[in-house]
1. For segment 58-69, give me the residue count where each residue is open to solvent by less than 30 Å² (accessible area, probe 1.4 Å) and either β-branched (Val, Ile, Thr) or at positive phi (or both).
2. Inspect all residues belonging to segment 115-133 and state whether any of them is at pLDDT 90 or above and touching a Gly at 6+ places or on another chain (Cβ under 7 Å).
3. Looking only at segment 300-313, count how many residues are exposed (fewer than 14 other Cβ atoms within 10 Å of the Cβ) and in a helix (DSSP H, G or I).
4. Give segment 115-130 a look and list any residue that's under 17 Å from residue 21 (Cα atoms) and loosely packed, with under 14 Cβ neighbours inside 10 Å, or say none.
5. From the list 246, 269, exactly one residue is acidic (Asp, Glu) and open to solvent by 50 Å² or more (accessible area, probe 1.4 Å). Which is it?
6. Tell me yes or no: at least one residue of segment 273-283 is assigned to a helix (DSSP H, G or I), closer than 21 Å to residue 221 by Cα and open to solvent by 30 Å² or more (accessible area, probe 1.4 Å).
7. Name every residue in segment 220-238 that is open to solvent by 50 Å² or more (accessible area, probe 1.4 Å) and at pLDDT 85 or above, in order of residue number.
8. Take the residues in segment 70-86 that are aliphatic (A, V, I, L, M) and over 25 Å from residue 56 (Cβ atoms); name whichever of them is most open to solvent (accessible area, probe 1.4 Å).
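The values are calculated or read from the model by the stated rules, or taken from the named source; none is laboratory data. None of the values given here were measured: they were computed from a predicted structure. Using ideal geometry, Cβ is built from the backbone for each residue, glycine included, and neighbour counts are taken over all protein chains shown. Please note that ligands, DNA and RNA were not included when accessible areas were found on the heavy atoms of the full protein model with its side chains. Shrake-Rupley method; radii C 1.70, N 1.55, O 1.52, S 1.80 Å.
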Amino acid sequence: MKKTFTLSCMLIFISIFSFAQKTNLIFFSDQGEKFYVVLNSVLQNSTAETNVKVTDLVAPNYKLKIIFADSSIATLDKNLMFEQGTESTFNIKKNNKGEYVVRFLSSVPIAEAPAPTAEQKVIVLSTSGPSQPTAVTSTTITQTTTTGSGVNPDGTSMGIHVNDPALGVNINMNIGTGTSGSSSSTYTSTTTTTTTSGFQSQPNQPVDPQPVYVLQGYNGPYGCAYPMSPADFSAAKQSISSKSFEDSKLSIAKQVFNSNCLLSSQVKEIMQLFSFEDSKLAFAKYAYGLTFDPGNYFKVNDAFSFESSTEELGEYITSFKK
């Protein structure tokens, strides 16, 4: 009985711990500008909002893109790093130069997070789907009609002259007998004005959990929609290898990952380009949760030279794993 009770407590603890490791992100615009949130190249909200809350994130970092409904405002790109098991809030605002930026505002543990507000759009993280909303252009045709009227000047004029010297009469008279009238004209002009309305709102539709790319023999979870092509990956490896300093190699490797999705096997190949164990471990931690096939991530352990690195990576993964 005691063993059963202990086992139950352990299961409850594990369940609570796993739940606590999920992360929520909140984005809101300072002046009420409407926007779309894109995480790891997947559109999260199908309609533009001013306040968006994305829940159930499992990775410690994501590539963020903010697309404004007003297409005249430039899209924002940012790499987000945050603590697991928290609800982090980010503010979309203008900086001192008048440029739009995304700024970290606050963070609280999930258990202490306030309830969603009425104007807040709450969305469970999507891992596949469109990468951006659909841009549309609307055309407005305005027709203007003008009517004018005036008086017809056509008519007649008559002059009378009477002169009688005997009577001493000399009369001159002019009589105008013009006929008044009117005329009217109608003028029609057509003006065509083309305006860009921004992005088309799309109805919420079920998200297909399967990505476009299918990895043969893999049945685990997916971290992104499509891995980097072999040709692009080969070019990226060559760029990393060309650097002489370890820090430069790590920096380039992270840049590659920020813009692309990699397979676990590709992460392993990049790790093998580093000379130092610390660099291998740093990149392995950075890449976890953003790979196409996180279920195969155990394969990267073969790139380590020391067992202690494998153990440290395992502890890191366990700390925020589902």
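1. Residues meeting the conditions: 2.
2. No, every residue in segment 115-133 fails to be at pLDDT 90 or above and touching a Gly at 6+ places or on another chain (Cβ under 7 Å).
3. Pass one, segment 300-313, residues exposed (fewer than 14 other Cβ atoms within 10 Å of the Cβ): 302, 305-308, 311.
Within this subset, residues satisfying the condition of being in a helix (DSSP H, G or I) are 302, 307-308, 311.
Total satisfying the criteria: 4.
4. Of the residues in segment 115-130, the ones under 17 Å from residue 21 (Cα atoms) are 124-125.
Listed by number, the list holds a single entry, 124.
5. Working: 246 fails: open to solvent by 50 Å² or more (accessible area, probe 1.4 Å).
Selected residue: 269, the only one of 246, 269 that is acidic (Asp, Glu) and open to solvent by 50 Å² or more (accessible area, probe 1.4 Å).
6. No, because not a single residue in segment 273-283 is assigned to a helix (DSSP H, G or I), closer than 21 Å to residue 221 by Cα and open to solvent by 30 Å² or more (accessible area, probe 1.4 Å).
7. Going through segment 220-238, the residues open to solvent by 50 Å² or more (accessible area, probe 1.4 Å) turn out to be 221, 226, 230-232, 234-235, 237-238.
230, 231, 232, 234, 235, 237, 238, listed by residue number.
8. Looking only at segment 70-86, we keep the residues that are aliphatic (A, V, I, L, M), and these are 73-74, 76, 80-81.
Narrowing the set further to residues that are over 25 Å from residue 56 (Cβ atoms) leaves 73-74.
Values: 73: 29, 74: 73 Å².
By that ranking, first place goes to 74.
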